[in-house]
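Read the figures in this text as sums done on the coordinates, not as results from a lab. Keep in mind that this is a model prediction, so the values were computed, not measured. We place every Cβ from the backbone using ideal geometry, glycine too, and count neighbours over all the protein chains shown.
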Amino acid sequence: MCDILLQQTHHLKDWNLNKEYKWTDTRKDEIDRKMSIKAVPMTLVLNDSREKNYLFNFMDTPGHPNFLDEVTAANRICDGMLLVVDIIEGVTIFTERLIKEALRS
């Protein structure tokens, strides 16, 4: 999700918009599996329609239920949580656990 947000908000001259960039999957096992395993922080400067800049710190966490501990640890150090649900899979038991975790924080 952070990769798409970065690509949509920060346009660079040499970017191929048809290529899939993975800024947060930096480990070899993540690249091989094509999935996030460890939580990775990312900082973006985003501006509004009045050209006022805002600094956002994101924590890209794994979306697989086997890595719930990574998500829980990242949630403990964050001020808020943005939960993105896959429209194909819908709300799963893992999603429900994340919502309960977010409400506890």
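Lys-Lys pairs in the range 2-104 that are eight or more residues apart or on separate chains and whose Cα atoms lie under 25 Å of each other come to 9. Rounded to the nearest whole Hz, the Karplus-based 3J(HN,Hα) values (6.51 cos²θ - 1.76 cosθ + 1.60, θ = phi - 60°) of the range 42-52 follow the sequence 8, 10, 10, 9, 10, 10, 8, 5, 9, 6, 8, with x at glycine and proline.
Does a label point 7 Å from the Cα of Thr43, set along Cα-to-beta-carbon, have any residues of the range 59-100 with amide nitrogen under 14 Å, and which are they? What the label zone holds, given the 14 Å backbone N cut-off, is 59. Of the residues Leu82, Pro41, Thr24, the one whose Cα sits farthest towards the positive end of the charge dipole of the chain is Pro41 (charges of +1 on Lys and Arg Cβ, -1 on Asp and Glu Cβ, taken about the Cα centre).
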